[in-house]
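The values are calculated or read from the model by the stated rules, or taken from the named source; none is laboratory data. These numbers were taken from a predicted model, which means no experiment stands behind them. Because the Cβ atoms are built from the backbone with ideal geometry, glycine has one as well, and the counts that use them run over all protein chains shown.
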């Protein structure tokens with residue numbers, strides 16, 4: 001088996017949720033794995049926890065689980081979890097296309113705006129839209145993520161179209 005020409009390993013958690021590959025990143029201990037566990041209980045598949053290997057295949061960014069970590073998730077409260085035994089075999093997969101990113105921050109106070117404030121994270125030359133979520137917000141992560149993914153779908157996966165629509169609605 002040959003190694004891919006380009007590979008990048010990143011600290012974070014990769015899940016497949018609502019037909020999207022989502023890379024969750026942030027400072028150690030902020031709750032990345034706990035967020036993944038919550039979403040897995042709502043139908044997400046774990047791809048990788050702690051270390052995610054990214055490769056380019058047919059011009060797509062693919063996220064892979066390192067073999068040693070296959071099916072394992074670690075949270076500070078629950079310890080090491082074999083996600084396949086706890087949530088079923090369908091709750092884990094070895095790879096997925098990387099579509100979007102979520103950055104978790106302890107405190108995040110973006111300026112008030114009518115559009116969704118986002119950044120980009122570039123992995124192996126591929127830009128991914130990043131939604132930054134505060135762990136202090138009283139709305140559940142699932143509610144905020146589901147709303148964001150629905151907004152992406154409504155606007156045909158174009159973040160720019162979504163922002164233009166939001167700005168247009170506020171022009172009175």
**Complete:** Considering residues that are within 13 Å of residue 47 (Cβ to Cβ) and in contact with a helix residue (DSSP H, G or I) (Cβ under 8 Å, 6 or more places away or on another chain), the number found within region 70-83 is 4
**Asked** Residues of region 24-61 being under 13 Å from the mean Cα position of the chain (by Cα), surrounded by 20 or more Cβ atoms within 10 Å (Cβ to Cβ) and within 13 Å of residue 9 (Cα to Cα), which ones?
**Response** 48, 49, 52
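Residue by residue, here is whether (1) loosely packed, with under 14 Cβ neighbours inside 10 Å; (2) modelled with pLDDT under 95 holds:
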site: 84; (1), (2): no, no
site: 93; (1), (2): no, no
site: 105; (1), (2): no, yes
site: 116; (1), (2): no, yes
site: 120; (1), (2): yes, yes
**Prompt:** Looking at region 64-73, is at least one residue in a helix (DSSP H, G or I), touching a strand residue (DSSP E or B) at 6+ places or on another chain (Cβ under 7 Å) and surrounded by 19 or more Cβ atoms within 10 Å (Cβ to Cβ)?
**Reply:** no
